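Step one of this worksheet: look at the structure below.
The values are calculated or read from the model by the stated rules, or taken from the named source; none is laboratory data. Please read all numbers here as calculations on a predicted model, not as lab measurements. Please note: Cβ atoms are built from the backbone with ideal geometry, for glycine as well, and neighbour counts cover all protein chains shown.
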Amino acid sequence: MNFQPKASHFVNGAYIEDANGAPISCVFPANGEEIARLHSATPEIVELAVKSARAAQTQWTKHTGTERGRVLRRAADLIRARNHDLSWLETHDTGKPLQETICADATSGADALEYFGGLAASLTGEHIPLGEDWAYTKRVPLGVCAGIGAWNYPTQIACWKGAPALACGNAMVFKPSEFTPLSALKIAEILIEAGAPAGLFNVIQGYGDVGAALAQHPDIDKVSLTGSAATGAKVYASAAAGMKHVTMELGGKSPLIVFDDASLEDAVGGALLGNFYSTGQVCSNGTRVFVQSGIKDRFLERLIERTSKIIIGDPRDEETQMGPMVSARQLEIVEGYIAKGKAEGATLAYGGALIDRDGFFVQPVIFSDVHDDMTIAREEIFGPVMSILEFETEDEVIARANDTELGLAAGVFTSDLTRAHRVIDRLDAGTCFINSYNDAPVEIPFGGMKKSGVGRENSKAAIEHYSQLKTVFVRMTPVEAPY
Ligand code: NDP
């Protein structure tokens with residue numbers, strides 16, 4: 001298997017290599033085989049990328065919104081036309097089953113390009129009458145944005161950041177996670193083919209130090225990170241030193257609350273999707289599943305029944321529903337949490353064994369009898385580990401659900417819609433679901449409260465985070481100076 005790109009980086013419209021950068025080995029998580037070898041960006045590559053982005057941005061901003069939008073929408077069409085190849089690559093880059101990547105990765109990137117492409121022409125300021133005088137506002141780009149991505153949705157993250165940035169007239173330097181360096185390069189190629197100027201969307205590879213170099217770079221105007229809360233705190237601090245704009249999409253430990261009157265099948269389906277999709281490597285997962293005591297036994301029984309039927313295997317097989325973890329390191333982290341769950345007294349209701357095959361596979365895990373103070377109920381695991389916590393009353397579950405520093409997502413399953421809205425209203429979470437879980441269409445804002453982040457991705461809300469207002473006061477009357 002060979003997925004070797006022409007070179008490690010895509011800068012100023014072309015592939016470019018600098019073999020002095022630290023090596024990056026890209027492996028297929030389903031068998032550990034190396035599929036590409038790249039190099040981390042050297043300081044020279046970082047400089048080149050930022051410089052070319054600056055030059056492209058000054059040209060790009062001279063185009064009308066309609067022209068900019070057309071490029072993005074063309075890129076969306078190209079992505080859709082090549083969805084199978086892009087999904088095949090994404091499956092090798094991440095280990096996620098083709099069954100998922102074919103419908104949730106490149107296609108979701110295309111949605112973002114199409115949506116923000118459509119909005120680009122409508123990004124205007126306003127006219128403000130002030131008697132005989134008046135003022136107007138202009139919505140102007142921020143300049144050059146850095147995008148720093150996590151490894152769970154590499155194509156989607158590149159597009160969720162790139163599309164609104166470019167629609168607003170910015171350029172971007174994007175750094176994927178070193179675990180999944182391949183697919184963002186394809187997005188950069190496609191944007192050029194769609195008519196974007198060279199340098200508008202650059203991809204440079206690297207470890208955390210390259211992300212840090214971008215966050216600190218004096219010619220970067222905004223940093224958008226998808227990553228852990230710990231990395232977010234570091235990146236936010238260095239961006240603050242340069243007074244840069246930020247978007248922080250960070251981790252979660254989200255509650256999914258199932259009341260006695262919920263539809264059992266829907267609630268079980270929501271819990272499965274919200275814990276095991278992408279082998280549990282989803283930031284908004286509802287990993288603390290609070291189940292009311294009256295439905296708990298039936299819920300657990302059906303949950304185990306449906307979990308035991310999940311088809312785990314080679315992610316290239318379209319029948320496969322669950323693939324490996326992204327890396328040996330992530331598998332080790334998940335194993336550590338499974339051991340902690342057992343040691344701290346949770347009941348292992350299902351799974352948790354390693355699977356006897358090459359690659360970074362683990363069975364999905366259901367822990368029941370989980371208490372709020374156990375490590376598995378407090379820390380983000382980022383793997384297929386679901387915790388079932390029992391509750392009695394609405395007030396009790398709201399207090400327990402909110403007892404975390406994180407606030408990315410929350411879900412409620414109930415057939416009492418008044419209660420659904422009442423409970424959601426009291427949950428400290430940025431992205432909420434009623435009788436559903438983890439839907440993220442581009443039309444709706446996505447992001448977290450508390451330590452889960454700053455700013456929102458997707459929807460019109462993202463425009464606020466990739467542009468700023470310039471106000472112009474126009475005096476039509478004489479200046480009345482008291483001097
Ligand atoms: P990390 O926080 O480890 O890394 C995120 C990115 O930041 C990587 O590209 C990483 O590079 C880079 N990075 C690391 N250190 C620094 C630094 N000091 N300065 C600048 N950049 C740095 O997260 P993971 O990649 O492990 O992804 C998992 C995390 O991402 C989870 O916590 C998850 O919840 C969160 N996430 C949040 C989402 C959201 O939208 N809210 C969506 C998806 C994931 P490198 O990998 O080379 O270290």
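So the values come out like this:
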| item | result |
| --- | --- |
| Count of the range 207-236 residues which are part of a loop (DSSP other than H, G, I, E, B) and near the ligand (Cβ under 7 Å from one of its atoms) | 3 |
| Per-region count, the range 427-461, residues within 10 Å of the ligand (Cβ to nearest atom) and of a type in the set (A, V, I, L, M) | 1 |
| Odd one out for Ala121 among (1) touching a Gly at 6+ places or on another chain (Cβ under 6 Å); (2) under 29 Å from Ala328 (Cβ atoms) | (2) |
| Any chance Thr347 is among the polar types (S, T, N, Q) and either under 27 Å from Asp85 (Cα atoms) or within 16 Å of the ligand (Cβ to nearest atom) (or both) | no |
| Of residues in the range 127-182 being among the β-branched types (Val, Ile, Thr) and either within 25 Å of Arg74 (Cα to Cα) or not in a strand (DSSP E or B) (or both), the one farthest from the ligand (Cβ to nearest atom) | Val140 |
| Criterion (within 16 Å of the ligand (Cβ to nearest atom), of a type in the set (D, E, K, R) and either part of a loop (DSSP other than H, G, I, E, B) or under 22 Å from Asp403 (Cβ atoms) (or both)) met by exactly one of Lys296, Lys253 | Lys253 |
| Residues satisfying the stated conditions in the range 193-214, i.e. surrounded by fewer than 23 Cβ atoms within 10 Å (Cβ to Cβ) and within 22 Å of Cys283 (Cα to Cα) | Tyr207, Gly208, Ala212 |
| The range 1-54, subset among the small types (Gly, Ala, Ser), touching an Asp or Glu at 6+ places or on another chain (Cβ under 8 Å) and outside any strand (DSSP E or B), residue surrounded by the most Cβ atoms within 10 Å (Cβ to Cβ) | Ala41 |
| Where Arg329 falls short, out of the listed (1) free of Cβ contacts under 8 Å to residues at least 12 places away in the same chain; (2) more than 16 Å from the ligand (Cβ to nearest atom); (3) in a helix (DSSP H, G or I) | (2) |
| Positions within the range 268-289 being farther than 12 Å from Pro364 by Cα and touching a helix residue (DSSP H, G or I) at 6+ places or on another chain (Cβ under 7 Å), in sequence order | Val268, Ala271, Asn285, Gly286, Thr287, Arg288, Val289 |
| Which numbered condition Glu189 fails, given (1) surrounded by fewer than 24 Cβ atoms within 10 Å (Cβ to Cβ); (2) within 12 Å of the ligand (Cβ to nearest atom); (3) not aromatic (Phe, Trp, Tyr) | (2) |
| Residue within the range 301-311 that is away from the ligand (no atom under 16 Å from the Cβ), out of contact with any strand residue (DSSP E or B) (no Cβ under 7 Å at 6 or more places or on another chain) and under 19 Å from Val412 (Cβ atoms) present | yes |
| Residue, nearest to Leu166 (Cα to Cα), within the range 237-249, restricted to residues that are near the ligand (Cβ under 10 Å from one of its atoms), over 13 Å from the mean Cα position of the chain (by Cα) and not polar (S, T, N, Q) | Ala239 |
| Residue check, Arg68 in a helix (DSSP H, G or I), of a type in the set (Lys, Arg) and touching an Asp or Glu at 6+ places or on another chain (Cβ under 9 Å) | no |
| Any hit, the range 134-156, residues being more than 23 Å from Val27 (Cα to Cα) and free of Cβ contacts under 8 Å to residues at least 60 places away in the same chain | no |
| Qualifying residues in the range 428-444 (those that are over 15 Å from the mean Cα position of the chain (by Cα) and closer than 19 Å to Gly251 by Cβ) - the one surrounded by the most Cβ atoms within 10 Å (Cβ to Cβ) | Tyr437 |
| Considering residues of the range 192-206 that are away from the ligand (no atom under 11 Å from the Cβ) and touching a Gly at 6+ places or on another chain (Cβ under 8 Å) only, the residue nearest to Gly447 (Cα to Cα) | Phe201 |
| Ser436 vs. criteria closer than 26 Å to Asp105 by Cβ and either free of Cβ contacts under 8 Å to residues at least 12 places away in the same chain or part of a loop (DSSP other than H, G, I, E, B) (or both) | yes |
| Residue match in the range 272-288 (condition: more than 9 Å from the ligand (Cβ to nearest atom), part of a loop (DSSP other than H, G, I, E, B) and at pLDDT 95 or above) | yes |
| Among (1) free of Cβ contacts under 8 Å to residues at least 40 places away in the same chain; (2) surrounded by 11 or more Cβ atoms within 10 Å (Cβ to Cβ), the one test that His465 misses | (1) |
| Search result, residues across the range 87-114 that are crowded, with 24+ Cβ neighbours inside 10 Å and farther than 30 Å from Gln330 by Cα | Leu113 |
